[in-house]
Amino acid sequence: MNMSLTDSISDIQSKNDFSGTVFVKDKDMVLDATFGYANRSEQRKNNSSTRFGIASGCKLFTAIAICQLAEKGKVSFDSKLSDCLDIDFQHFDKDITVHHLLTHTSGIPDYFDEEVMTDFEELWITYPMYQLRRLKDFLPLFQNERMKFQAGQSFHYNNAGYILLGLIVEQATKLEFSEYVQDYIFKKANMMDSGYFTFDSLPPNTALGYIDHPDGTWKTNIYSLPVIGGSDGGAFVTAADMEKLWEALFTFQLLSEEYTSKLIKAHIQVDECDFYGYGIWIKKTDNHVLKYHVMGYDPGVSFHSAYYPETSAKVVVCSNKSGGAFEMMTGIEAKLKIGPKKPNKKP
């Protein structure tokens, strides 16, 4: 089976010009494959220890942090935003809770609204990306805007909500958000190569993100994203470290069994088979969980990773291009016969 999967991954890579790392752990099988360049100019290849940006994939870290604080009694899922942050949001609904923020149901305005903008880089005309170095630096982008809808009314994926969650972590712990995650999540899970790094000071063996143009030219993403990631996205991980995160989460090293269950509960139904927990996506069929998964897409970043509870298999796909992770992920799932299956059609 190992060779068959290896051949399948190589085939998907050649068809999509995939650049990145693929890590699969299923029972006694471990597969680790790398493709493409971490640095195209220097022809430096990606390897199994290369760090990759994972965009929104790290919203899970933020949710784990909030759940840890809830477990310690420092915050509650029912806590009002106004009780958690000493910041004025004059147009925000007074009933917004931590639960609403975690589940993208708060209704607050987002700093990048995909219904209005199509190009992430439009943001940096008014707010230069190199000035966004702390979570509070994002506040002017959405703090004084009006609500999109009433709190709890519906699901609308929202990065600003996760910025607020990060600020809640900072106020409750007196630590910078990235420092908290490093100490209470990465270290606990033995994710020693992961972190929140600035584009102008990247550590060794970190992949640059690449944006490819139709004419064959390319550029890196250093002027397309905030200079450092935060509670809504932008951490760097190795594929092996991400596998350790899943292992630590589902063996209750990060949270108790009770609070892990709260994190992975299907709180919101997004469509027929897709649900959202706290910082995590859940794929279900006939009330049966097929997988818990996270994903992230930014200019020069594509990322998918999943844990499959039936077999305890874990898959991590990190890419330093704007696309390719989804095709690789679905190909691996098909080969392993894990993950989403087509629901039975009703007569």
Inset, instruction - Look at S14 and say whether it is assigned to a helix (DSSP H, G or I), open to solvent by 10 Å² or more (accessible area, probe 1.4 Å) and touching a strand residue (DSSP E or B) at 6+ places or on another chain (Cβ under 6 Å). - result: no
Legend entry - Candidate set from segment 40-55 (those that are closer than 13 Å to Y210 by Cβ, assigned to a loop (DSSP other than H, G, I, E, B) and touching a residue at least 60 places away in the same chain (Cβ under 8 Å)); member that is least open to solvent (accessible area, probe 1.4 Å): N46
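Which one of these is polar (S, T, N, Q), more than 22 Å from the chain's Cα centre (by Cα), at negative phi and surrounded by 15 or more Cβ atoms within 10 Å (Cβ to Cβ): S19, S79? Even if it seems obvious, please write down each step before you answer.
Details: S19 fails: more than 22 Å from the chain's Cα centre (by Cα).
Being polar (S, T, N, Q), more than 22 Å from the chain's Cα centre (by Cα), at negative phi and surrounded by 15 or more Cβ atoms within 10 Å (Cβ to Cβ) holds for just one of S19, S79, which is S79.
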Inset, instruction - Taking E257 as meeting all but one of (1) free of Cβ contacts under 8 Å to residues at least 24 places away in the same chain; (2) open to solvent by less than 30 Å² (accessible area, probe 1.4 Å), write down the number of the exception. - result: (2)
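Taking the criterion of being farther than 27 Å from A151 by Cα and not aromatic (F, W, Y), would at least one residue in segment 264-277 satisfy it?
No, because not a single residue in segment 264-277 is farther than 27 Å from A151 by Cα and not aromatic (F, W, Y).
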Inset, instruction - Determine the pairs where a residue that is small (G, A, S), located within segment 137-156, has a partner that is part of a loop (DSSP other than H, G, I, E, B) with Cβ atoms under 6 Å apart, the partner being 6 or more residues away or on another chain. - result: A151/D93; A151/D95; A151/I96; A151/S106; A151/G107; G152/T105
Inset, instruction - From M129, M147, M191, grab the single residue that is more than 30 Å from L245 (Cα to Cα) and either open to solvent by less than 60 Å² (accessible area, probe 1.4 Å) or out of contact with any Pro (no Cβ under 8 Å at 6 or more places or on another chain) (or both). - result: M147
Inset, instruction - Would you please list the contacts, defined by Cβ atoms under 6 Å and residues six or more apart or on different chains, that run from a residue in segment 91-111 that is on the phi > 0 side of the Ramachandran plot to a residue that is surrounded by 23 or more Cβ atoms within 10 Å (Cβ to Cβ)? - result: H104/N158
Inset, instruction - For segment 184-195, name all the residues that are over 20 Å from R133 (Cα atoms) and either among the aromatic types (F, W, Y) or in contact (Cβ under 8 Å) with a residue 40 or more places away in the chain (or both). - result: Y184, I185, F186, K188, A189, N190, M191, M192, D193
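For every residue, the table says whether it meets (1) open to solvent by 30 Å² or more (accessible area, probe 1.4 Å); (2) farther than 26 Å from T220 by Cβ; (3) part of a loop (DSSP other than H, G, I, E, B); (4) not hydroxyl-bearing (S, T, Y).
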residue	(1), (2), (3), (4)
K25	yes, yes, no, yes
D32	yes, no, no, yes
A38	no, no, no, yes
K59	no, no, no, yes
A65	no, yes, no, yes
K74	yes, yes, yes, yes
I87	yes, yes, yes, yes
Inset, instruction - Considering each residue of segment 194-236, count those that are part of a loop (DSSP other than H, G, I, E, B), within 18 Å of R44 (Cβ to Cβ) and either at pLDDT 95 or above or not β-branched (V, I, T) (or both), and give that number. - result: 9
Inset, instruction - Answer yes or no: is there a residue in segment 288-297 that is in contact with a strand residue (DSSP E or B) (Cβ under 9 Å, 6 or more places away or on another chain), in a loop (DSSP other than H, G, I, E, B), more than 30 Å from P214 (Cα to Cα) and open to solvent by 20 Å² or more (accessible area, probe 1.4 Å). - result: no
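Checking the conditions here, which among K314, K262 is under 19 Å from the mean Cα position of the chain (by Cα) and open to solvent by 60 Å² or more (accessible area, probe 1.4 Å)?
On inspection, the qualifying residue turns out to be K262.
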Inset, instruction - Could you look through segment 150-175, keep only residues that are aromatic (F, W, Y) and more than 16 Å from A65 (Cβ to Cβ), and pick out the one that is most open to solvent (accessible area, probe 1.4 Å)? - result: Y157
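Here is a check on your reading of the model: is T198 under 15 Å from G53 (Cβ atoms), in contact (Cβ under 8 Å) with a residue 24 or more places away in the chain and touching a strand residue (DSSP E or B) at 6+ places or on another chain (Cβ under 8 Å)?
no
The values are calculated or read from the model by the stated rules, or taken from the named source; none is laboratory data. Predicted model only: the values in this text are computed from it and were never measured. Note that we place each Cβ from the backbone using ideal geometry, even for glycine, and neighbour counts take in every protein chain shown. Note: accessible area is taken over every heavy atom of the protein model, side chains too, but ligands, DNA and RNA are not part of it. Shrake-Rupley method; radii C 1.70, N 1.55, O 1.52, S 1.80 Å.
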